[in-house]
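A short worksheet on the structure shown next.
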Amino acid sequence: MPKTQPPVWSAKPDVAGFEKMENDRLATAQRAIDQIVAVKGSRTIQNTLVPYDEAIRQLNAAAYFSSLMQQVHPDVTFRDHATAMTTKVSGEQTALSLNRDVYQALSSLDLSETDAATRYYVKRQLLEFRLAGVDKDDATRARLRKLNDQLTNDQSMFDRNISDDPRSVEVASASELDGLPQDYIDRHKPGADGKIHITTNYPDLLPPLTFAKSDALRRRLSEAFSSRAYPKNRDVLRDMMETRYEIATLIGYSSWADYNAADKMIMTGKNLAKFIQDLDATTRPIAQREFAILLAEKQKTDPRATEILSYEVSHLAELVRRSKYDFDSQTVRPYLPYNEVKKGIMDTAATLFQVSFRQELDVPAWDSAVETWDVIENGKAIGRIYLDMHPRPGKYSHDQMAQVLDGIRGRQLPEGILVCNFPEPTATDPGLMVYGDAVTFFHEFGHLMHHILGGQQQWAGISGITMETDFVEAPSQMLEEWMHSPQVLASFARHYKSGEPIPADLVARMNRASAFDRANSVAGQNAYSAISYDIYKDSPQKVDLDATCLDDLRHYSLFIPIAAQAHLYASFNHLAGYSSAYYTYMWDKVIAEDFFQQFDLKNLLAGDASMRYRRLVLQPGGSMSANDLVKNFLGRPQSMTAFQKWMGEEFKNAPQGNPSNGQ
Ligand SMILES: [Zn+2]
């Protein structure tokens, strides 16, 4: 790692230090913009695109850092200042996107002598300028600026209302925890009031939803989970919908969904609606077969049941996995202590993409749990990653990768971070992970590799995952498949007590079991895509939020929603950031499965597909359209064939007969 690039927290800033770092970046960006505007005579790459990209580099870095601090800093005052800074930086980004002089300057660049990546970069930037409204009159631009500032505020508030409002459910007696693993019960002792409290944070919430025998407990937790940030976020979401609708119509689109699609792979709201319908048609027949199995399971205790409530699904699916697939997901956890999983994931990524990782020790960070690693290729650092992996009070409560710095070839190394909430190993508890968490870990690591390996560009503005945003979930979802490979799992999953590698037979049963209920999860995701589209597809006056949530759940999912799910929009955090584009996950899952079929499925750690994939899909970053990345790797556009095969896998590989219950 060059000495010129110290780790992001090396200055150990307090609030004032943080604000100075950020303001310095904003000032440097402003100087670069002034320099573009001041040019007399003809426009060149050197006098126009170079300072423009410098402004982008500085603004991005400022935005990444403030939004990261807003999510992870342990001190609430610091987080408040970071939130205010995010608003300020975003205001500067909006101002640049509405700067006519800069737009004119970029438009008049002669690109005939430049490379394809540079031409693509400028073309994309000009599109983004037009979508920002740069060619509108002064009054409209002033209004757009105000609307964007408002939107940034509302987005921050929406997210914070969710993370500041974990709900908690009281359990009167330990008997209501029947069915849960012993280490969970040990970690949930009664408080001073004699009651056990279970929060809606994932590590607390997911085990009871899956394992608790108590129907009442699962229902109460589900109600609490669906009620988070309600009613607070109802008004915030309404404001965002109004603001977004006004922005879209001022630019000349009939809805936010249409406007928001214009710079993405999907291109129009109409294509989005069609994708949701196509996915529904592909999914429904398989989902119905799964539903019949779940219902039969429910009828074992409730013979007259004809329907399944949404909160019952995780538990029923677990029972099916035990009875029909002879698989108990608890039996996998002892093989997945956090530290072994981490090592296994890093080793797998290293093998696939032919890089290595080297930890930097004693690097200062905002919390002592944060780790810093260099990504090495041919003995040279090509990027840096940070791992902030365990829950803390006030910390962002989901799992995600975030950019820290854009990579620019020869100038700035790409840096990224994982912000996750996996169980923390302690002296007495190795932090055993549920299998789904291990998959999520590799998913997020996939984003990180995309950002780092795609971060060797000439320009900051096309670096890493700075691209059509409805492609970025494809590489990460594809890597999830590696976590199903017995070969890959055997390389790191060892019993935390005996050290014995995970038995191949257990992995095979787990794979059959985990394939079960996929189509129903896809249908559920499609319902969420529909909610995100329907909330933004029209004038906000026409949208009834409660009805939209319940109607779309009823229409696309085969399960009956509970009343509290009418308010799930209040904690559906993607409605702030992704807005109408939640379809991204399923759109990209279709691409991911298509990509995956190109690999040697018998030996996922060998063959040249992974390096071909790195070269054709990851390495170009945002230097060309993702529609072209797909075509370059597949030789054609994506299709739903591989995805359909993936959804129906459980029916292909189902064991003959009815194996005895392994419990
Ligand atoms: Zn992701």
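The values are calculated or read from the model by the stated rules, or taken from the named source; none is laboratory data. What you see is a predicted model; the values in this text were computed from it and never measured. Cβ placement follows ideal geometry from the backbone for every residue including glycine, while neighbour counts extend to all protein chains displayed. Protein only, heavy atoms only, side chains kept; ligands, DNA and RNA dropped before computing areas. Shrake-Rupley method; radii C 1.70, N 1.55, O 1.52, S 1.80 Å.
Per-structure values
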read-out	value
Unique residue being out of contact with any Phe, Trp or Tyr (no Cβ under 8 Å at 6 or more places or on another chain), open to solvent by less than 30 Å² (accessible area, probe 1.4 Å) and under 30 Å from Val543 (Cα atoms) when the list is Ala212, Ala261, Ala257	Ala261
Test: residue in segment 63-70 that is farther than 20 Å from Phe129 by Cβ, in a loop (DSSP other than H, G, I, E, B), touching a residue at least 40 places away in the same chain (Cβ under 8 Å) and in contact with an Asp or Glu (Cβ under 8 Å, 6 or more places away or on another chain)	no
Per-region count, segment 427-441, residues more than 16 Å from the ligand (Cβ to nearest atom) and either among the small types (Gly, Ala, Ser) or under 20 Å from Val355 (Cα atoms) (or both)	2
Condition broken by Ile198, with the remaining ones in (1) in contact with a His (Cβ under 7 Å, 6 or more places away or on another chain); (2) over 30 Å from Pro423 (Cα atoms) satisfied	(2)
Any hit, segment 524-533, residues being surrounded by fewer than 21 Cβ atoms within 10 Å (Cβ to Cβ), within 24 Å of the chain's Cα centre (by Cα), away from the ligand (no atom under 16 Å from the Cβ) and at pLDDT 95 or above	yes
Hits in segment 447-473 (condition: within 12 Å of the ligand (Cβ to nearest atom) and in contact with a strand residue (DSSP E or B) (Cβ under 6 Å, 6 or more places away or on another chain))	His447, Leu448, His451
Members of segment 562-580 that are in contact with a helix residue (DSSP H, G or I) (Cβ under 6 Å, 6 or more places away or on another chain), small (Gly, Ala, Ser) and assigned to a helix (DSSP H, G or I)	Ala564, Ala566, Ala570, Ser571, Ala576
Yes/no for Tyr585 being crowded, with 17+ Cβ neighbours inside 10 Å, of a type in the set (Ser, Thr, Tyr), more than 16 Å from the ligand (Cβ to nearest atom) and over 18 Å from Leu545 (Cα atoms)	no
Pairs, first without any contact (Cβ under 8 Å) to a residue 60 or more places away in the chain in segment 428-450, second within 12 Å of the ligand (Cβ to nearest atom) and charged (D, E, K, R), C-beta under 7 Å, six or more apart	Val439/Glu480; Thr440/Asp399; His443/Glu480; Glu444/Asp399
Enumeration of residues in segment 449-476 that are surrounded by fewer than 23 Cβ atoms within 10 Å (Cβ to Cβ) and farther than 21 Å from Ala261 by Cα	Gln456, Gln458
Selected residue (criterion: farthest from the chain's Cα centre (by Cα)) from residues of segment 502-523 that are open to solvent by 40 Å² or more (accessible area, probe 1.4 Å) and in contact (Cβ under 8 Å) with a residue 40 or more places away in the chain	Arg509
Answer from Glu424, Glu415, Glu444 - the residue that is away from the ligand (no atom under 11 Å from the Cβ), open to solvent by less than 30 Å² (accessible area, probe 1.4 Å) and of a type in the set (Asp, Glu)	Glu415
Selection from segment 1-48 of residues that are touching a helix residue (DSSP H, G or I) at 6+ places or on another chain (Cβ under 7 Å), open to solvent by less than 60 Å² (accessible area, probe 1.4 Å), outside any loop (DSSP other than H, G, I, E, B) and of a type outside the set (Val, Ile, Thr)	Phe18, Glu19, Glu22, Leu26, Ala29, Ala32
Residue pairs meeting the criteria (Cβ under 6 Å; at least 6 apart or on separate chains; first touching a residue at least 40 places away in the same chain (Cβ under 8 Å), in segment 469-489; second β-branched (Val, Ile, Thr) and within 11 Å of the ligand (Cβ to nearest atom))	Asp470/Thr584; Val472/Ile465; Glu473/Thr584
Qualifying positions in segment 353-401 - under 22 Å from the mean Cα position of the chain (by Cα) and acidic (Asp, Glu)	Glu371, Asp388, Asp399
Leu309 being open to solvent by less than 30 Å² (accessible area, probe 1.4 Å) and on the phi < 0 side of the Ramachandran plot	no
Residue list for segment 454-469, restricted to those being out of contact with any Phe, Trp or Tyr (no Cβ under 6 Å at 6 or more places or on another chain) and closer than 20 Å to Tyr613 by Cβ	Gly454, Gly455, Gln456, Gln457, Ser463, Gly464, Ile465, Thr466, Met467, Glu468
Segment 279-291 residues that are farther than 19 Å from Asp588 by Cα, paired with ones that are open to solvent by less than 20 Å² (accessible area, probe 1.4 Å) and of a type in the set (Val, Ile, Thr) (beta carbon under 8 Å, 6 or more apart)	Ala287/Val522; Phe291/Ile308
Total residues in segment 178-197, condition outside any loop (DSSP other than H, G, I, E, B), within 21 Å of Arg333 (Cα to Cα) and of a type in the set (A, V, I, L, M, F, W, C)	1
Exclusive hit being of a type outside the set (A, V, I, L, M) and within 22 Å of Phe471 (Cα to Cα), set Tyr259, Tyr202, Tyr253	Tyr259
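Condition check ((1) in contact (Cβ under 8 Å) with a residue 60 or more places away in the chain; (2) under 30 Å from Gly379 (Cβ atoms); (3) under 30 Å from the mean Cα position of the chain (by Cα)) across all residues:
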position	(1), (2), (3)
Pro7	yes, yes, yes
Gln35	no, no, no
Ala38	no, no, no
Ile45	yes, no, no
Leu49	yes, no, no
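So that you can scan it fast, the table gives a plain yes or no per residue for (1) more than 30 Å from Asn627 (Cα to Cα); (2) within 16 Å of the ligand (Cβ to nearest atom):
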{"residue": "Glu481", "(1), (2)": "no, yes"}
{"residue": "Ser485", "(1), (2)": "no, no"}
{"residue": "His495", "(1), (2)": "yes, no"}
{"residue": "Arg512", "(1), (2)": "yes, no"}
{"residue": "Arg518", "(1), (2)": "no, no"}
{"residue": "Cys549", "(1), (2)": "yes, no"}
{"residue": "Ile560", "(1), (2)": "yes, no"}
{"residue": "Gln565", "(1), (2)": "yes, no"}
